[in-house]
Amino acid sequence: MDQSEIYRALERSEFFRGLQKSDIEKIAGLCHVKSYEPGQYIFQQGEGGENILVIAEGKVALERTVELGSRKGTVLIGILGKGRLFGCWSTLIGEQHNFLSSASCQLPTKVLVLKGADVRRVMLENTALGFRVLERLCFVLRDRIQAAYGAMEKI
């Protein structure tokens, strides 16, 4: 993917849609692209991480392994597609992060990779942008928590 394709993917994403062109361009400059095959894990529950990821192509399943007494199983939290965001949220506020779920590719997948510390730096340089990003983060996290609760109810 070239820079214009990265820009368009960010512009259409749930997280960055509607931001000013100059802000999206700045964020696009922080991205690199990583490709995955079906069945490949992007990260696994319990691993440490520092990146925020935007799906440019493909589908990713978020799964959590749970133990209920002597039983152990995997719960599907949700399937994310093009334009959806996932990864290390706490890096936006300067905190270390361990993944609470695993992310596995369901189709050939390309993700835009943003180092959380780099996005944080941009947010601190432009506090209006930082506020918009954190506001959107609240909505994404609300939706993800609701999906996790829904998944847990099926156990």
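The values are calculated or read from the model by the stated rules, or taken from the named source; none is laboratory data. Keep in mind the model is a prediction, meaning the values are calculated, not measured. Glycine also receives a Cβ, built like all others from the backbone with ideal geometry; neighbour counts cover every protein chain displayed. Note: accessible area is taken over every heavy atom of the protein model, side chains too, but ligands, DNA and RNA are not part of it. Shrake-Rupley method; radii C 1.70, N 1.55, O 1.52, S 1.80 Å.
Descriptive notes on the structure:
- Only protein atoms count toward the accessible area here, which uses a 1.4 Å probe; on the chain, the carbon and sulfur part of that area reaches 50 percent.
- Relative to the current alpha-carbon distance between Thr74 and Val140, full extension at 0.36 nm per residue lengthens the span by 21.5 nm.
- Once divided by 2.2 N^0.38 Å, the Cα radius of gyration of the stretch 1-135 becomes 1.09.
- Over the chain, Cα pairs under 8 Å with separation of 6+ residues give a relative contact order of 30 percent.
- Lys26-Lys82 FRET efficiency (beta carbon distance; Förster radius 30 Å; 0.05 resolution): 0.85
- Length released on extending from Phe131 to Arg8, taking residue separation times 0.36 nm less the Cα-Cα span: 42.1 nm
- Here's how it looks for Val75: its modeled amide H is under 5 Å from those of Arg64, Thr65, Val66, which are all 5 or more places away or on a different chain.
- Here Tyr36 sits with roughly 20 square angstrom of accessible surface, probe radius 1.4 Å.
- Using the 1.4 Å probe convention, the accessible area of the stretch 27-94 works out to 50 Å² per residue with neighbouring protein chains retained.
- Loop-resident sites, the stretch 1-93, for GluC sites (Glu not before Pro), counting at most 14 other Cβ within 10 Å (DSSP): Glu47
- Screening the chain for whole DSSP H helices of 30 Å or more along their axis (Cα) with average Kyte-Doolittle hydropathy at least -0.5 returns 127-153.
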